[in-house]
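Note sheet for the following structure.
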Amino acid sequence: MARRFPLAGLLRLRHAEQDRAAATLAAANDRVRDAADARIAARRNLADREQEQLVTDAATLSALAAARASTRGMLEELDAVARTRRADADAARTAYSAARRAALGLEKLQGHHDREQAAAGLRAEQDALDEIAARRRTEGGAR
């Protein structure tokens, strides 16, 4: 009977770690995309020229300038958020790669173990067949 892979429990743990790291990486990538979308929207708002057509007096012009300054500040903050989220995504990618490498090493060991067990099973079967054939010859069954 083939022996069970002795590190099967550890392999399941490594797969669970890999799945968790993949989920963390996917969430981090989503946050990076969200930050990029917000940044694009802020840039479009800053570049919007339709607001300038509505300027009819100095107060409106002053309000428009304040809004643009505020948008520039928001854009700088969004840039900082995007950098932080990219760094988080890079860290998540590194963690996923490490978890994947750990799982791959154990998967290779399991494959080697399975091949050895299959070879041992075939050797045992061949030994049994050889013994049966030898017994038939010694008992006079061979013609």
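Values computed for the structure shown
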item	result
Degrees, to the nearest 10: 58-138 long Cα axis against longest axis of the chain	0
FRET efficiency for residue 131 and residue 110, using Cβ-Cβ distance with R0 set to 30 Å, rounded to 0.05	0.45
Solvent-accessible heavy-atom area per residue, rounded to whole Å², over the chain at 1.4 Å	73
Trypsin sites (Lys or Arg not before Pro) within region 10-91: DSSP coil, no more than 14 neighbouring Cβ in 10 Å	49
Reported label for calculated Kirkwood radius over Cα pairs in Å given (i) 21.6; (ii) 17.7; (iii) 16.6	(i)
Degrees between helix 8-47 axis and first principal axis of the chain (Cα, 0 to 90, nearest 10)	20
Efficiency of FRET from Cβ geometry, residue 19 and residue 47, R₀ 30 Å, rounded to 0.05	0.10
Fraction of accessible area attributable to carbon and sulfur, the chain (%, probe 1.4 Å)	55
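The values are calculated or read from the model by the stated rules, or taken from the named source; none is laboratory data. Given the structure is predicted, the values throughout are model-derived calculations rather than measurements. Here Cβ is always computed from backbone atoms with ideal geometry, including for glycine, and neighbour counts include all displayed protein chains. Just so you know, the surface numbers come from the protein's heavy atoms only, side chains and all, with ligands and any DNA or RNA stripped out. Shrake-Rupley method; radii C 1.70, N 1.55, O 1.52, S 1.80 Å.
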